[in-house]
Amino acid sequence: MSQAVGINFKKSSIDALIAGFMALILFGPIVGVVLDGYGFNAEFGRVAWMVGIVVVGRFIMSSFFQTEKGKALAFRYANNNEGVEVLPPGHKSKMVWIIPLVIVIGLVLPFIASKYILTVVILGLIYVLLGLGLNIVVGLAGLLDLGFVGFYAIGAYGLALGYENLGLGFWSMLPIAAIMAAVAGAILGFPVLRMHGDYLAIVTLGFGEIIRLILTNWASFTHGPNGVSAPLPTLFGLEFKRRSSDGQTFHEFFNLPYDSAYKYMFVYLILFVVVWAVLFIKHRLVKMPIGRAWEALREDEIACRSLGLNHVLVKLSAFMLGASTGGLAGVFFASYQGFVNPSSFTFFESALILAIVVLGGMGSTLGVVIAAFCLTVLPEVLREFAEYRVLMFGILMVVMMIWKPRGIVRVTRTGFAARKGVVK
Amino acid sequence: MDIVLQQLVNGLTLGSVYGLIAIGYTMVYGIIGMINFAHGDVYMVSAYITAIALALLTFFGIESFPIILVGTLFLTVAVTGAYGWVIERIAYRPLRSSSRLSVLISAIGMSLILQNYVQLSQGANQQGVPTLLTGALRFHVGDGFVQITYMKLLILFISILGMGVLTYVIQKTKLGRMCRATQQDRKMASILGIDTDKVISTVFVIGAVMAALAGVLVTLDYGAFDFYVGFIIGIKAFTAAVLGGIGSLPGAMLGGLILGLSEALFAGLISSDYKDVFSFSLLVLILIVRPSGLLGKPEVEKV
């Protein structure tokens, strides 16, 4: 280009004025006129601020995209076609040392951290589990599940009601809850997965609500909004209570003074092991034919079907596996809280788990783990911003989809090479 | 007997409201093939704007009901239409060439943004509007009677009017031809000189306007609302759209009526606690038995 491109400030100003006018129409009534009974309180100061921000922001943006740099950025964005990064065959990651390090830190943590930190970390790990479960469904298989919290509720209520009605404890419910959630996933998923993917989103959304409505309304069985209490895990029959009704308690057996932190340490350790097991299973599954089939089906369903993949069964396997992970997380949640009620299983939870998967990167394990901790631990730290949480999640989802649909952590995969001695 | 008739009357008005909202889902799905999850929240925004418009009009001392009604309708439709346009511009247009999953997630994000934005600026409490139109028609049936309030008649009248105008616009005007052409084949339409981006924007505005009509009517009739009302009514309107055949305009209206009637009968005769469960189960059932809906065409996947 021979001549420098100047910025057309007239155009930028017009853009900014139009944006400001739209902002005035949008924000004027909702932000400026706060309902108070049948009357209202005027809050025009807030509107002026927001409109001002929009006008200035639009002006800067419009001017920036007229500069060389801005045009280059817009061009790069328009051709943003990033996929999975394929590494050369035989690639060895330099980050191998990090896994033993994390395991060691994770095992030492309960003995040095305070009870409060431990409870926050347990919550973080439960969301890691949920995020991993949903990541199989959304990230790998490309099915949008908006009722994931339904499976979580099945796990949590399975433990609480199983203990109350059948006397089943934590250890027997752990596998049963996973199976129950998987069966529920199969019943829900089988009819819907035959159809176009978008329907699944709304059906699962309805399913999550049905579960919550039933838990709230079927008071004779679920005790309605009052909730049910759930048991703690036991160590070979040793309970973590101060006094046991039958048999010995943990601290009596080991001659330790009673400390309520023991139960959190124990829940944490089991959870830690389960999260690693799920991570390992997922890591292996992705490399197996079924994992490849999930990703292939996500990328191009028609091509996969014409190559003879049974798309319903492949999708169903991902859906059930994700659901069972959600069920596991539910058991831990109920046990850790000692109590469940329907208000823990609203659509907001589903949205939170989806935000974890979206932020972490679809299909990326590391990203999901980091995102789960960020989105659950940060609100604990920044309590004064708690009411802006949902707004942040929403903005995060829209911005991530526009800017980096594959998440912050890019998915990498080691390529294949023919084995030695194979004729090419 | 009178209970059944009364529930049929209630179901008819409920159904016409579902139909109005379902139009937004079905038109957007028809034209860009995505489920606009934020549509229920557009309805919720319109409920708030109705109350705000009423408060403003009363503040300026306007008392007569027709002027209040027309003024509220006008303000709500205008502002909600602007919301529809801006939502499409921000959350969906940049993703025109992205995968369907990205668009769906962006729509969920938009829905969360709208809910929380209204909650933060208006407070989380339930809000209400005063009853403006009272009185009812009563018919004696056997021992009891069936009551149709004037408000319910107004709902029916305005819904039918709105749907009639929309049908005329889509079938007879140039704008409607452009919409139908874009729905049939977006690429070909743009080759033939139709500004498809503009048509898509228009469709979002039309959907939002229809939701705004429903918002004004339901708010005036029912009185109470909060920032969460859009969620349940959104799923139900989507059920109506699927029931009628998604992508089909008459289907949305028919589906709305059937869903409204069956839900009202279920609530009146069996259990009102589980009426939402009934509607959601109906959605799953339709998808299993007849995914293309009553008036929809079976979906053909193209490579």
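Nothing in this text is a laboratory measurement; each read-out follows from the coordinates by a stated rule. A quick note: this is a predicted structure, and the numbers were derived from the prediction, not measured. For neighbour counting, all protein chains shown are included, and Cβ atoms are generated from backbone atoms with ideal geometry for every residue, glycine included.
Span-like helix criteria (full DSSP H runs; alpha carbon extent of at least 27 Å along the helix axis; mean Kyte-Doolittle hydropathy of at least 0.0) are satisfied in chain B by B:2-32, B:39-59, B:65-87, B:100-122, B:150-172, B:196-222, B:249-269.
Mind counting lysine pairs for me in the stretch B:2-289? Cα separation below 27 Å, and the two need to be 8 or more apart along the chain or on different chains.
Numbers: B:LYS152/B:LYS236; B:LYS152/B:LYS275; B:LYS172/B:LYS187; B:LYS172/B:LYS198; B:LYS174/B:LYS187; B:LYS174/B:LYS198; B:LYS187/B:LYS198; B:LYS236/B:LYS275.
Lysine pairs satisfying the spacing and distance rule in the stretch B:2-289 number 8.
Sum up the charges of everything whose Cβ sits under 13 Å from the Cβ of A:ASN217, counting Lys and Arg as +1 and Asp and Glu as -1, but leave A:ASN217 out. Mind showing how you got there, number by number?
Values: positive: A:ARG212, B:LYS275; negative: A:GLU209, B:ASP273, B:ASP276.
That sum, taken over residues with Cβ under 13 Å, equals -1.
Ranked by the mean number of other Cβ atoms within 10 Å of their residues, highest first, the peptides A:378-386, A:103-111 come out as A:103-111, A:378-386. Taking other Cβ atoms within 10 Å as a rough exposure proxy, A:LEU73, A:LEU118 sort from fewest to most as A:LEU73, A:LEU118.
Hey, what did chain B get for relative contact order, percent, Cα under 8 Å, at least 6 apart?
So the answer I get is 37 percent.
Among the residues of B:280-288, the average count of other protein chain beta-carbon atoms within 10 Å of the residue beta-carbon is 5. About the centre of its Cα atoms, the stretch A:9-71 shows a dipole size close to 380 debye [charges on the beta carbon of Lys, Arg (+1) and Asp, Glu (-1) only; nearest 20 debye]. Around the Cα centre of the protein assembly as shown, unit charges on the Cβ atoms of Lys, Arg, Asp and Glu (plus for the first two, minus for the last two) sum to a dipole of about 2740 debye.
What fraction of the Cα pairs in the stretch B:2-289, stated in percent, has a spacing above 35 angstrom? Display every interim value, and only then the final one.
On the way: 7020 of 41328 pairs.
Tail of the P(r) past 35 Å holds 17 percent of the pairs.
Going by neighbour counts of Cβ atoms within 10 Å, the residues A:ILE18, B:ILE108 line up, fewest first, as A:ILE18, B:ILE108.
Segment A:LYS287..A:ILE105, full-extension length gain: 62.7 nm, with 0.36 nm per residue of separation and the alpha-carbon distance subtracted. Highest mobility in the GNM of chain B, judged by mean-square fluctuation with C-alpha springs under 10 Å and restricted to B:SER248, B:SER271, B:SER111, is found for B:SER271.
Within a 10 angstrom radius of the beta carbon, how do A:TYR264, B:TYR92, B:TYR25 rank from fewest other beta carbons to most? Mind showing how you got there, number by number?
Details: A:TYR264 22, B:TYR92 25, B:TYR25 28.
Arranged by neighbour count, lowest to highest, A:TYR264, B:TYR92, B:TYR25 become A:TYR264, B:TYR92, B:TYR25.
Peptide packing for B:233-241, A:178-186 was compared via the average number of neighbouring C-beta atoms within 10 Å per residue; ordered from the highest value, the list is B:233-241, A:178-186.
Of A:LYS287/A:LYS315; A:LYS11/A:LYS404; A:LYS115/A:LYS263; A:LYS282/A:LYS315; A:LYS11/A:LYS71, which sit over 18 Å apart, Cα to Cα?
Details: A:LYS287/A:LYS315 16 Å; A:LYS11/A:LYS404 29 Å; A:LYS115/A:LYS263 10 Å; A:LYS282/A:LYS315 15 Å; A:LYS11/A:LYS71 16 Å.
Correct reply: A:LYS11/A:LYS404.
May I ask for the net charge around B:LYS275, where only other residues with Cβ less than 13 Å from the Cβ of B:LYS275 are counted and Lys, Arg are +1 while Asp, Glu are -1?
Details: positive: B:LYS236; negative: A:GLU209, B:GLU263, B:ASP273, B:ASP276.
My count for the surroundings of B:LYS275 gives -3.
Where only DSSP H runs of four or more residues are counted, chain B gives -24500 deg cm²/dmol as its mean residue ellipticity at 222 nm, each run worth -39500 (n - 2.57). All other residues with a Cβ under 12 Å from the Cβ of B:LYS236 taken together, and with Lys, Arg as +1 and Asp, Glu as -1, what is their net charge? Summing Lys/Arg as +1 and Asp/Glu as -1 gives -2.
If you average the sequence gap of Cα pairs under 8 Å that are 6 or more apart and divide by the length of the stretch A:95-408, what percent do you get for the contact order?
Details: 465 pairs, mean separation 110.8, N = 314.
This gives 35 percent for the stretch A:95-408.
Normalising the average separation of contacting C-alpha pairs (under 8 angstrom, six or more residues apart) by the number of residues puts the relative contact order of the stretch A:266-418 at 19 percent.
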